[in-house]
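Student: Attaching a single structure in structure tokens format; questions to follow.
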């Protein structure tokens, strides 16, 4: 089994941003507008949290594939083939 290094701090940040996004989307139908401590989460959680979540995900993906590309274990083509095989079945 291949060992993958985890970054607990970055995973924690992604979790916080993900929770902010969920609160942002749940806030409107439940009308929590009167709760003052949720204002910053509602104001910045959706857009800022979404941007930061995907930026950190891209950073972690690039970091994990860096050594494979340097050692020529993986190419862009094989990376894209794996991604397509993983994502496209969800559309069908």
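The values are calculated or read from the model by the stated rules, or taken from the named source; none is laboratory data. Owing to the predicted nature of the structure, the values given are computational and were not obtained by experimental measurement. No Cβ is skipped: glycine too gets one built from the backbone with ideal geometry, and neighbour counts run over all protein chains shown.
Student: Only one of these is surrounded by fewer than 11 Cβ atoms within 10 Å (Cβ to Cβ) and at pLDDT below 85: 86, 4. Name it.
Tutor: Values: 86 fails: at pLDDT below 85.
Just a single option satisfies the conditions, and that option is 4.
Student: In addition: Being in contact with a helix residue (DSSP H, G or I) (Cβ under 9 Å, 6 or more places away or on another chain) and at pLDDT 70 or above is the filter here, so list the residues in region 23-35 that pass it.
Tutor: Those that are in contact with a helix residue (DSSP H, G or I) (Cβ under 9 Å, 6 or more places away or on another chain) and at pLDDT 70 or above: 23, 24.
Student: Follow-up question, since we're still on this one. Any idea which of 38, 13, 59 is modelled with pLDDT under 80 and either touching a strand residue (DSSP E or B) at 6+ places or on another chain (Cβ under 6 Å) or part of a helix (DSSP H, G or I) (or both)?
Tutor: Working: 13 fails: modelled with pLDDT under 80; 59 fails: modelled with pLDDT under 80.
Only one candidate passes the filter, namely 38.
Student: Which ones in region 63-79 are assigned to a helix (DSSP H, G or I) and either over 30 Å from residue 20 (Cα atoms) or within 13 Å of the chain's Cα centre (by Cα) (or both)? If you could, list the steps in order and put the result at the bottom.
Tutor: First, pick out the residues of region 63-79 that are assigned to a helix (DSSP H, G or I): 63-70, 76-79.
67, 68, 69, 70, 76, 77, 78, 79 - these are the residues of region 63-79 that are assigned to a helix (DSSP H, G or I) and either over 30 Å from residue 20 (Cα atoms) or within 13 Å of the chain's Cα centre (by Cα) (or both).
Student: For residues that are under 19 Å from residue 7 (Cα atoms) and surrounded by 13 or more Cβ atoms within 10 Å (Cβ to Cβ), scanning just region 41-56, find the one that is modelled with the highest pLDDT.
Tutor: Looking at residues that are under 19 Å from residue 7 (Cα atoms) and surrounded by 13 or more Cβ atoms within 10 Å (Cβ to Cβ), I get 56.
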